[in-house]
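*Asks:* Pasting a structure here, questions to come.
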Amino acid sequence: MKDATYPFVVQPLAYEYDALMPVLDEETLRFHHDKHYKTYVDNLNNALADYPQLQKMSLKELLTGLETLPVAVKEAIRNNGGGVYNHELYFDSMKSPVGQEPCGELAEAITRDFGSYQQWKEQMKQAAVTKFGSGWAWLLADKEGKLSIAQTANQDVPDLAEYIPLFLVDVWEHAYYLQYQNRRADYVEGWFNLINWRKAQRRYEMRNS
Ligand code: MN3
């Protein structure tokens, strides 16, 4: 998935559409995955259709090399390439809401860099709830393993040459409005129970590979 090139294809969910209930219901997840995410994939492919030299680049290469891209497609790749990258990581970072906690080296890093899991959670929640307009809140690691929380607007990504995203939460209204209407904080609170900590730990361990 991460080394895929044009034409990009919609990645199926690693779980059933009702697997994230009651936090995210089937209708919300279906619209989000089958409509919103798919549109980014389609639009990214459309943007790349006339650029054979860009068709050989992975998503990460495209997103870290935005400044070098042809002006005519730079914004389309930024928005839709980011949309593909962000949604693939978002869907892949969740699992059924059955008790799982930070584990291993990542759990130790959370305590070291934020004080405690609770303090990390408060800061992460704050980042997600206060993001003005549409965007994302992220947990990132740098190559030394130091953790940080970041916000990005629209479909922007953090600096992928510097940081390894462990997971992120989508705070565009389309991620939660069908089910939660304007109650973003309730959606974010529920989302904490969906974090796939085992996958996050694996990404953390693989940060230098
Ligand atoms: Mn979304």
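Rule-based calculations on the coordinates, nothing more; no lab input. Predicted model, so just to flag it, every value in this text is computed and none were measured. Cβ atoms come from the backbone with ideal geometry, glycine included; neighbour counts cover every protein chain shown.
*Asks:* Could you check the simple spin-label distance between A185 and E16, using points 7 Å along Cα→Cβ, in nm with one decimal?
*Replies:* Result for the modelled spin labels: 3.4 nm.
*Asks:* Also, I was wondering about something else. How far is the Cα center of the range 151-209 from the Cα center of the range 81-137, in Å?
*Replies:* Taking the Cα centre of each part, the range 151-209 and the range 81-137 sit 5 Å apart.
*Asks:* Lys/Arg Cβ at +1, Asp/Glu Cβ at -1, dipole of the range 97-209 taken about the Cα centre: which of A128, V188, G145 is farthest positive-ward?
*Replies:* V188
*Asks:* Under a cut-off of 15 Å between alpha-carbon atoms, report the aspartates and glutamates in cross-link reach of K74, not counting same-chain residues fewer than 8 places apart.
*Replies:* Reachable aspartates and glutamates: D50, E61, D156.
*Asks:* Need the full-extension length gain, S96 to T5, defined as separation in residues times 0.36 nm minus the C-alpha distance. One decimal, nm.
*Replies:* Working: separation 91, 0.36 × 91 = 32.76 nm, distance 2.98 nm.
So the extension gain works out to 29.8 nm.
*Asks:* Among Q119, T28, G99, which residue has its Cα furthest toward the positive end of the charge dipole of the chain, with +1 on Lys/Arg Cβ and -1 on Asp/Glu Cβ?
*Replies:* Toward the positive end, the furthest listed residue is Q119.
*Asks:* Compute, for the chain, the length of the dipole vector about the Cα centre, with Cβ point charges of +1 (Lys, Arg) and -1 (Asp, Glu) only. Units Debye, rounded to 20.
*Replies:* Rounded to the nearest 20 debye, it is 200 debye.
*Asks:* Assuming 0.36 nm per residue, please report the length gained on full extension of the stretch L160 to R30 beyond their Cα-Cα distance.
*Replies:* Computed gain between L160 and R30 is 44.0 nm.
*Asks:* As a test of the formula, what do you get for the chain when each DSSP H run with n ≥ 4 contributes -39,500 (n - 2.57) and the sum is divided by the residue count, at 222 nm and rounded to the nearest 500 deg cm²/dmol?
*Replies:* On the way: 9 runs with 90 residues, N = 209.
Rounded to the nearest 500, it is -12500 deg cm²/dmol.
*Asks:* Using a simple spin-label model with points 7 Å from Cα along the Cα→Cβ vector, what separation in nm is obtained for E173 and N79?
*Replies:* Distance between label points: 1.7 nm.
*Asks:* Let me ask something else. Using alpha carbons only, how many degrees (0 to 90, rounded to 10) separate the axis of helix 117-130 from the longest principal axis of the chain?
*Replies:* Taking Cα atoms only, the helix is inclined about 50 degrees.
*Asks:* Right, here's the next one. With respect to the cross-link table entries K95/K143; K56/K125; K95/K146; K56/K121, which display a Cα-Cα separation exceeding 32 Å?
*Replies:* Where the Cα-Cα span goes over 32 Å, the pairs concerned are K56/K125; K56/K121.
*Asks:* Could I ask something else about it? What full-extension length gain, to one decimal in nm, is calculated for E205 and D50 as 0.36 nm per residue of separation minus the Cα-Cα distance? Mind showing how you got there, number by number?
*Replies:* Details: separation 155, 0.36 × 155 = 55.80 nm, distance 3.81 nm.
Extra length available between E205 and D50 comes to 52.0 nm.
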